[in-house]
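Below: the structure, in structure tokens.
The values are calculated or read from the model by the stated rules, or taken from the named source; none is laboratory data. What you see is a predicted model, and the numbers here were worked out from it, not measured in a lab. Quick reminder, even Gly has a Cβ in these numbers, built from the backbone with ideal geometry, and neighbours come from all protein chains shown.
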Amino acid sequence: MRYVSTRGAAPVLGFEDVVLAGLARDGGLYVPQSWPTATADDLKRWSSLSYADLAVEVMRPFVEGIPESDFAAIVHETYAAPAVFHHAAVTPLRQLDANEWLLELFHGPTLAFKDVALQLLGRLFEYILRKRGERITVVGATSGDTGSAAIEACRDRENVTIIMLHPAGRVSEVQRRQMTTVPSANVHNVAVEGTFDDCQALVKAMFNDHAFRDRLNLAAVNSINWARVLAQVVYYVQSSLALGGRPVDFAVPTGNFGDVFAGYVAARMGVPVNKLIVATNINDILSRALRSGDYSRGTVQPTISPSMDIQVSSNFERLLFDLYDGDGVRIRQLMDDFSATGKLAIGNAQIARASGLFVADKVDEDETRATIAQVLKDSGMLIDPHTAVGVAAGRRLRSGPDVPLVTLATAHPAKFPDAVSAASGVHPALPPHMADLMSRTERFEILPNDLKSVQDHIAARAS
């Protein structure tokens, strides 16, 4: 398996190099040259496997250069319970209604779905760097959950320094403290005076500054890193198999499009995905793009689902690459125009192709709160605001009561206690391993939204 850039001008790489590279040198994102196919016999055989064994089977066709036994050991260490994940099933299904389910993705160490991928990525970094005798500086941007999950995955690992950027005052206090209270010497946090999109733009600019990138040996943990997407494919397969291998509607709360693109990969592999329901909050660039072809950047509006407060969805480029038949020159032109004007019009033929699998809608603040309250009333379960966005859009756009609806529950409600409490009247408690979070000492720097200031700060801490 080899990987190509969505913009067609970067070197073709193998898996290990893609893991370390993150963003391609032409500014594009790496995708596989071809999609492996899971046969009906494969799916039948996989239905009885543990999560870790299934993960090895699903990901193995995408991985070259790592011996099978080594890769299996990395995967089994990643998804060990209770050592890493606090549920034996790793990503269990919980029933909401007769044919409606929550896929709980928050049983990892930082209570968010990003642990599922980043716990693997941290171990892959360590394995590859040890083998090569190299060192990397991980630089990432977070709208809330990626940061803590990436830090937890990289803390204390040899040959890795991690610097995480978050938008000052635009993440929840729990999210911030999960990042800034980690005492490890190789962990550094920066609060940028701007939005998540500003943080993401700074990270992309640093990767596109090839002299800076090479001097610090930059690596990415954001969902631009292919390994992130690959690891998330597994729970689509697992939940489909758990429901008998029937076609499933998946409702996915998303801002950066990485999690829902993993569902697209599962569908391309042959997993029976009926619909991918793209659920956004009022920052609705993705729902506009998939409904009308209008991928135009707006002003980020703060919401109670802050991890989706995004107006530039990096991973959407991976879907565009497929919709335009792998035409890297065309994608480069589209993305250059978007960078210059903030606007991108998707062709009617491409929108028609996407509509065969994707549907999309936005959910406003009032509906998000009402959904939290309604789910608690009907089922006794507390959900966080991001999951509520997924539930609301999923119920509106599902195929019908005969098709299973699975909403990805992307975060534990205790990560957003104020919003959940205001909507439900119930204050969600942090689990025991985080009970003292609010009393831990924080460490972070506040910097302006200025590339040179951030680069100088990072260079001084990289080693």
(request) Consider only pairs whose beta carbons are under 6 Å apart and that are at least six residues apart or on different chains; among these, list those whose first residue lies in region 284-312 and is on the phi > 0 side of the Ramachandran plot and touching a residue at least 40 places away in the same chain (Cβ under 8 Å) and whose second residue is small (Gly, Ala, Ser) and surrounded by fewer than 21 Cβ atoms within 10 Å (Cβ to Cβ). (result) GLY293/ALA345
(message) Residue pairs, Cβ under 9 Å, 6 or more apart or interchain, first in region 352-375 and within 17 Å of PRO413 (Cα to Cα), second part of a strand (DSSP E or B). List them.
(response) VAL375/LEU96; VAL375/LEU102
(request) Spot the failing condition for SER148; the list is (1) farther than 15 Å from ASN189 by Cβ; (2) of a type outside the set (D, E, K, R); (3) without any contact (Cβ under 8 Å) to a residue 60 or more places away in the chain, and only one is missed. (result) (1)
(request) Could you list, in sequence order, all residues of region 38-82 that are of a type in the set (A, V, I, L, M, F, W, C) and within 18 Å of HIS107 (Cβ to Cβ)? (result) ALA52, LEU54, ALA55, VAL75, ALA80, ALA81
(message) As an exercise: evaluate ALA429 against (1) part of a helix (DSSP H, G or I); (2) modelled with pLDDT under 95 and give the number of the one condition it does not meet.
(response) (1)
(request) Give just the number: which of (1) of a type in the set (A, V, I, L, M, F, W, C); (2) at pLDDT 95 or above; (3) part of a helix (DSSP H, G or I) does LEU96 not satisfy? (result) (3)
(request) From the list LEU102, LEU120, LEU111, pick out the single residue that is in contact (Cβ under 8 Å) with a residue 40 or more places away in the chain, among the aliphatic types (A, V, I, L, M), closer than 16 Å to ALA231 by Cβ and touching a helix residue (DSSP H, G or I) at 6+ places or on another chain (Cβ under 8 Å). (result) LEU120
(message) Can you find, within region 23-75, the residue that is nearest to GLY270 (Cα to Cα) among those that are buried (at least 17 other Cβ atoms within 10 Å of the Cβ) and hydroxyl-bearing (Ser, Thr, Tyr)?
(response) TYR51
(request) Hand me the list of strands (runs of 3 or more DSSP E) wholly inside region 202-302 holding 1 or more residues that are more than 26 Å from ASP384 (Cβ to Cβ). (result) 294-296
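This table checks each residue for (1) closer than 26 Å to MET206 by Cβ; (2) free of Cβ contacts under 8 Å to residues at least 12 places away in the same chain; (3) part of a loop (DSSP other than H, G, I, E, B).
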{"site": "ALA9", "(1), (2), (3)": "yes, no, yes"}
{"site": "ARG25", "(1), (2), (3)": "yes, no, yes"}
{"site": "TYR30", "(1), (2), (3)": "yes, no, no"}
{"site": "TRP35", "(1), (2), (3)": "no, no, yes"}
{"site": "ASP41", "(1), (2), (3)": "no, yes, no"}
{"site": "ALA52", "(1), (2), (3)": "no, no, no"}
{"site": "GLU57", "(1), (2), (3)": "no, no, no"}
{"site": "ARG60", "(1), (2), (3)": "no, yes, no"}
{"site": "ALA73", "(1), (2), (3)": "no, yes, no"}
(message) With within 19 Å of the chain's Cα centre (by Cα) and touching a residue at least 60 places away in the same chain (Cβ under 8 Å) as the only criterion, which of ASN217, ASN222 stands out?
(response) ASN222
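Per-residue answers, yes or no, for (1) closer than 16 Å to GLN178 by Cβ; (2) surrounded by 23 or more Cβ atoms within 10 Å (Cβ to Cβ):
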site: HIS86; (1), (2): yes, no
site: ALA89; (1), (2): no, no
site: PRO92; (1), (2): no, no
site: LEU96; (1), (2): no, no
site: ALA112; (1), (2): yes, yes
site: LEU118; (1), (2): yes, yes
site: LEU124; (1), (2): no, yes
(request) Please work out if VAL139 is in a strand (DSSP E or B) and either farther than 26 Å from ASP17 by Cα or of a type in the set (A, V, I, L, M) (or both). (result) yes
